[in-house]
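The values are calculated or read from the model by the stated rules, or taken from the named source; none is laboratory data. Since this is a predicted model, take the numbers as computed values, not measurements. Here Cβ is always computed from backbone atoms with ideal geometry, including for glycine, and neighbour counts include all displayed protein chains. Each accessible area value is taken on the protein alone, full model and side chains, heavy atoms only, with ligands, DNA and RNA left out. Shrake-Rupley method; radii C 1.70, N 1.55, O 1.52, S 1.80 Å.
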Amino acid sequence: MNLAPIIARLVAECPEFFSIESATGINTIEREGYPTAGVHPLSERPDGGTMVAGCIKQEVVVDFAVIIAAHAMEPTTGLDPLDDARKSISAALLGYKRPEWLDAIEFVAGDIVAIESAKTLWRDVYRTKILIEAPITRVTS
């Protein structure tokens, strides 16, 4: 799945983030300021398919993750930058649907990646469904 539209959506809808980009590793989302986020693919799996004249069309469930790096919770004020960052990402993604997708984005799960003294890394998993198609080719001898 092309994640560029998701990254563009997050950049447009989450201006409080210092950076939002494709995550090629944890280090790519750890920049000079927080919060930051990295988007990366997780899995694709078929969810049915049909053959029509000379073509196969297949629905594909796509899971992708957003890794968020945020400051740790402030014990004196109770402010939770991670929670605020997660809410912002969720507001931008939940229900978002591009015309070429079959389903709107939904939340799947979230889990901790790492906790350090000054920051927390968290991963939220989202899901959508796309349609892929290709011509049926015949092998000739």
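Limited to segment 54-106, what total is found for residues that are within 16 Å of the chain's Cα centre (by Cα), closer than 21 Å to residue 2 by Cα and among the charged types (D, E, K, R)?
Of the residues in that region, 5 qualify.
Can you tell me how many residues within segment 103-130 are within 24 Å of residue 48 (Cα to Cα) and open to solvent by 70 Å² or more (accessible area, probe 1.4 Å)?
Selection size over segment 103-130: 2.
Out of 76, 128, 137, report the one residue that is at pLDDT 90 or above and of a type in the set (Ser, Thr, Tyr).
After applying the criteria, what remains is 128.
Scan segment 7-20 residue by residue and report those that are modelled with pLDDT under 90 and open to solvent by 50 Å² or more (accessible area, probe 1.4 Å).
18
Name the residue that is nearest to the chain's Cα centre (by Cα), counting only residues in segment 1-24 that are of a type in the set (Val, Ile, Thr) and farther than 24 Å from residue 132 by Cα.
The selected residue is 20.
Could you figure out which of (1) touching a residue at least 40 places away in the same chain (Cβ under 8 Å); (2) within 18 Å of residue 62 (Cβ to Cβ); (3) surrounded by 14 or more Cβ atoms within 10 Å (Cβ to Cβ) isn't true of residue 134?
Result: residue 134 fails condition (3) only.
Given the conditions (1) acidic (Asp, Glu); (2) open to solvent by 20 Å² or more (accessible area, probe 1.4 Å); (3) modelled with pLDDT of 95 or more, report the number of the one that residue 63 does not fulfil.
Among (1) acidic (Asp, Glu); (2) open to solvent by 20 Å² or more (accessible area, probe 1.4 Å); (3) modelled with pLDDT of 95 or more, residue 63 violates only (2).
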